[in-house]
Each structure stands twice: as C-alpha cells, then as structure tokens.
Amino acid sequence: MNALDQLMAVMEVAFDPHWREAWTRQQVANSLAMPHTYAILVDATGRELAGNEEAAGFILARRAPGEEELLLIGVRPDRRRRGIGQQLIELFASIAAEGGAERIFLEMRANNPAERLYRQCGFEPIGRRVNYYRTLDNEHVDAITFARKL
C-alpha cells in the first residue's frame, strides 16, 4: 500500500464525519503534489513507517520560510491514548526545526478534545476565528490557532 493509501486508511477511521474535518483523497493528493507539503506516517509504536507496516497515524504538513503548519493529524481510534499523537507532533517539530522553521502552527475547532494534547506538546493559542467551521447539522464552531516556538 502506498503512502496516500495508508494516510487515507487512517483518515477514514480517525475523523467523525459530523465535524467535517476529514479531507478527500483528491484534496490530500493535490496537497501532496505541492512542493512544500508533506506527510509523516507512523506505525503502532509511533515510529516513522519504513516498510509495509500498517499506519497507525499521520500528519499532513506544509512548509513556508521560517515556519511550518500542521494541516491534519489523525490516529486510528484503536491506537489512541498510547502516545502516538505526541510522538507524531514531536517528529513533526523535529523535521520542522531541521528544515529551519522557528515556529510551528496548527488550527483546530474550539471544542476539539485534542486541545489537551496540543497544549501538552507546547502549543499556545494565538488567535481565534469566530464561526469558522460548520458541522453537518450547520452548527458554527470557532477555530483556534495555536503556535509553538522551536
């Protein structure tokens, strides 16, 4: 299975459709076709995939001069609460630092339970977009932007 297939397999089970956070295969493929967008895939131990293991989680990220943005992070529900999310974020931070980034960013919906993980990983809120997201039942939810200095 190629990297896009692996990423999409995690995406399909990691996101609740109610929140409309999952990307389509075409959106992911188009993003990865851009020169500064990349994916990180890890196995059940949180190590970067090296062979044909099943991906337990992923990060989709975008690089810009001096900064990187975590676009999406997903972990299979049966692999959650085992440190994989934290390992993914630390791997992402390490790659970003090696690439010259001084800060990393992410954006999440205001009621996302992953906020605790992001704060534990050193992210701090820096902005809010009121009513930015819309759920399947048309509920509006704020977006919160977080940053972490490297």
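Overview of values
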{"quantity": "Count - residues of the stretch 10-60 that are among the β-branched types (Val, Ile, Thr) and under 11 Å from the mean Cα position of the chain (by Cα)", "calculated": "2"}
{"quantity": "Filter result for the condition that a residue is buried (at least 20 other Cβ atoms within 10 Å of the Cβ), small (Gly, Ala, Ser), in contact with a helix residue (DSSP H, G or I) (Cβ under 7 Å, 6 or more places away or on another chain) and touching a residue at least 40 places away in the same chain (Cβ under 8 Å), over 56, 44", "calculated": "56"}
{"quantity": "Matching entry among 74, 127, 100, 83 (being open to solvent by 40 Å² or more (accessible area, probe 1.4 Å) and of a type in the set (Gly, Ala, Ser))", "calculated": "100"}
{"quantity": "Residue, modelled with the lowest pLDDT, within the stretch 1-19, restricted to residues that are surrounded by fewer than 14 Cβ atoms within 10 Å (Cβ to Cβ) and assigned to a loop (DSSP other than H, G, I, E, B)", "calculated": "1"}
{"quantity": "The stretch 59-71: number of residues that are open to solvent by 70 Å² or more (accessible area, probe 1.4 Å) and either of a type outside the set (Lys, Arg) or free of Cβ contacts under 8 Å to residues at least 24 places away in the same chain (or both)", "calculated": "2"}
{"quantity": "Residue match in the stretch 118-138 (condition: in a loop (DSSP other than H, G, I, E, B) and either under 19 Å from residue 45 (Cβ atoms) or under 14 Å from the mean Cα position of the chain (by Cα) (or both))", "calculated": "yes"}
{"quantity": "Index of the failed condition, residue 132 passing every other in (1) surrounded by fewer than 18 Cβ atoms within 10 Å (Cβ to Cβ); (2) closer than 21 Å to residue 5 by Cα", "calculated": "(2)"}
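The values are calculated or read from the model by the stated rules, or taken from the named source; none is laboratory data. Predicted model, so just to flag it, every value in this text is computed and none were measured. Neighbour counts are summed over all protein chains in view; Cβ atoms, including those assigned to glycine, are modelled from backbone coordinates with ideal geometry. Heads up: the accessible areas ignore ligands, DNA and RNA and are worked out on the full protein's heavy atoms, side chains in. Shrake-Rupley method; radii C 1.70, N 1.55, O 1.52, S 1.80 Å.
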